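Below: the structure, in structure tokens.
Nothing in this text is a laboratory measurement; each read-out follows from the coordinates by a stated rule. Note that the coordinates shown come from a computational prediction; the quantities given were computed from them, not determined experimentally. Counting neighbours? That spans all protein chains shown, and the Cβs are built from the backbone with ideal geometry, glycine included.
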Amino acid sequence: MSSKPTIAFLNRCYWPDSEATGQLLTDLCIDLSDQFDVHVICGAPNSPTTDDFVRQGIEVRDGVTIHRLPHTRFAKRVPAGRILNLISFSRAASKYLKTSSFRPQAIVCETDPFLLPIVAATYTTRSRTKLVCYLQDIYPDVAEAIGKVRSGWLTSKIRSRLRVAYEHADRVVVLGDCMKQRLANSPWSIDAEKMRVLPNWSDCQSIEPVDASQSQFRVHHDLVGQFVVMHSGNMGLTQRLDVLIDATRQPDWPAEAVLMLIGDGAAREQLESQAASIGNHRVRFLPYQPRHLLGESLSAADLHVVSMHPEITGCLCPSKLYGILAAGRPVLAIADAATDLCETVSRNGLGWTCPPKAADSIAKAVSQAAKNPAELAAAGRRARQIALDRFDRPVVTRQFGELLSEVLAIESTP
């Protein structure tokens, strides 16, 4: 039996899923396994990187014990299927915690699906287990902001139940100050003293800058001589990539600039149709790139775009930023000025910022970047340095370990 404190992470997404939240959680759990006896209660991967895993049951990988639960797996593009999936996994997790003999000293609950903090709070109240709510996003605020649900009785009820869970937690971890501020304000009104800001990260050992002159990615995809503007990651409803595509039609968009959209998501089909209707050959699409090739693909860009829907300020912080910084590439942040994203880029000289929904401003920013190779190079150097200093994997996961030790030292209330 291990003498280390037992920590259980609760989240649907985990290895071998290629989704960013699953990859980040996998990194975190592996890094914490030297200090803690780490377990993960998770579900089936949406996009597995391998078939060599236990689909239901328990296995140990890289020092982490994985408890994989059965649940429905309807296509994410079907709204009713998504709802059934989140309810199915939440119920499976609740049942497992109730019936399993497994007894962790602390549970770290993420938000895939967003009902999990309610499940975790119910269990930890009964078992007097420590609870950390680790929020990658804030629901139902995100769904309301992008128009997926209307504000009303149901969203108020969900928010009320989640608020009780967050108040019960020993700590609430958020990704940025804008998320902390949103939760501190009404209608959430969560105690700011309970919250901790810990950003996501990149692995600066696995993602290193590759000089454009040596980029096989640019050669393979016929990008030599082009000014490459790249968006790499999820193509969902929270990015408003339709505005980015519209920017390629603006007079200020440089003739030599190509927009490369890499990844997948709920909005990809619609974006491909939009690009085809424009027919200017300035927009190209590629699938997700293997994680071991991320350094190569991210380095192929002259300028990276990180875009946020104007209404989701404080609801989330895009994790794609950190891989870009690790690759030593400048950023065009398209978001509200109050976001951590824009503040980080502006304060540290990492590139350019634009307001959302402004295709003409985006085109002008791309033109300015293309005309200033010296500033591009300087922003890229600053990006790599801040990635090493603040957002490297061992830096942030060590801070998370310190937070868990702090939580375990808190005396339980009778």
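What do you get for Rg/Rh over the range 224-268 if you use C-alpha atoms and the Kirkwood form of Rh?
On the way: Rg = 11.3 Å, Rh = 11.3 Å.
Taking Rg over the Kirkwood Rh, I get 1.00.
Under 1.5 on a/c is rounded, so check that first for the range 326-414, then, if it is not, pick prolate when a/b is larger than b/c and oblate when it is not; a ≥ b ≥ c are the square roots of the alpha carbon gyration tensor eigenvalues. Oblate shape, in that a/c is at least 1.5 and b/c is the bigger or equal ratio.
Using 1/(1 + (r/R0)^6) with R0 = 30 angstrom and r between the beta carbons of Lys98 and Trp188, what's the FRET efficiency to the nearest 0.05? Walk me through the numbers before you get to the answer.
Working: r = 28 Å, r/R0 = 0.94.
Here the calculated transfer efficiency is 0.60.
Does the range 245-316 classify as rounded, prolate or oblate by the C-alpha gyration tensor (a ≥ b ≥ c root eigenvalues; a/c under 1.5 gives rounded; else a/b over b/c gives prolate, otherwise oblate)? Rounded, because the longest to shortest axis ratio a/c is under 1.5.
Structure remark: mean-square fluctuation, Gaussian network model of the chain, C-alpha springs under 10 Å; the largest value among Ala383, Ala327, Ala92 belongs to Ala92.
What aspartates and glutamates sit close enough to Lys364 to cross-link, taking a C-alpha to C-alpha distance under 19 Å and skipping anything fewer than 8 places away on the same chain? Of all the aspartates and glutamates, those that pass the test against Lys364 - Cα under 19 Å, at least 8 places apart if same chain - are Asp242, Asp246, Asp252, Glu256, Asp302, Asp336, Glu375.
Between Val224 and Ala377, 0.36 nm times their residue separation minus their Cα-Cα distance comes to what? All intermediate terms of the calculation are to be shown ahead of the outcome.
Values: separation 153, 0.36 × 153 = 55.08 nm, distance 1.75 nm.
Stretched out fully, the Val224 to Ala377 stretch lengthens by 53.3 nm.
Given charges of +1 on the Cβ of Lys and Arg and -1 on the Cβ of Asp and Glu, with all other atoms neutral, how large is the dipole of the chain about its Cα centre, in debye to the nearest 20?
Values: 46 positive and 44 negative charges, 256 e Å.
For this selection, approximately 1240 debye.
Each part reduced to its alpha carbon centroid, the range 163-202 and the range 208-264 end up 34 Å apart.
Within the straight-line cut-off of under 24 Å between alpha carbons, the lysines reachable from Lys180 are Lys130, Lys148, Lys157, Lys194, Lys320, sequence neighbours fewer than 8 places apart in one chain being disregarded. Using 0.36 nm per residue and subtracting the Cα-Cα separation, the extra length available between Glu402 and Gln35 on full extension is 131.1 nm.
Estimated from helices alone, the mean residue ellipticity of the chain at 222 nm is -12000 deg cm²/dmol (sum of -39500 (n - 2.57) over DSSP H runs with n ≥ 4, per residue).
Its residue count N fixes a reference of 2.2 N^0.38 Å for the range 48-178, and the Cα radius of gyration divided by that reference is 1.13.
Taking the chain as a Gaussian network of alpha-carbon nodes connected by springs under 10 Å, the highest mean-square fluctuation of the residues Ile83, Ile66, Ile118 belongs to Ile83.
The distance between label points at Arg82 and Ala338 comes to 2.5 nm (points 7 Å beyond Cα on the Cα→Cβ vector).
Estimated from the Cβ-Cβ distance and a Förster radius of 22 angstrom, the FRET efficiency linking Gln216 and Asp242 is about 0.10. Between Asn46 and Phe74, the modelled label-to-label distance comes to 1.5 nm, taking each label 7 Å out from Cα in the direction of the beta carbon. Percent antiparallel among DSSP beta bridges with both residues in the chain, to the nearest 5? So the antiparallel bridges amount to about 15 percent of the total. In the elastic network of the chain, a GNM with C-alpha springs shorter than 10 Å, the most mobile of Tyr322, Tyr166, Tyr96 is Tyr96. Look at the Cα gyration tensor of the range 212-390: its axes a ≥ b ≥ c give a/c under 1.5, and that counts as rounded.
Tell me, in nm to one decimal, what length is gained between Ser156 and Ser277 on full extension, where the rule is 0.36 nm per residue of separation less the Cα-Cα distance? Provide the component values of the computation, followed by the final result.
On the way: separation 121, 0.36 × 121 = 43.56 nm, distance 4.02 nm.
Taking Ser156 through Ser277 to full extension adds about 39.5 nm, to one decimal.
I need the helices of the chain that pass two filters: whole DSSP H segments spanning 20 Å or more by Cα along the axis, and mean Kyte-Doolittle score no lower than 1.6. It would help to have the intermediate numbers written out before the result.
Values: long enough: 79-99 (30 Å, 0.09); 153-168 (23 Å, -0.66); 373-390 (25 Å, -0.42); 393-408 (23 Å, 0.24).
Qualifying helices, which must be both long enough and hydrophobic enough, do not occur.
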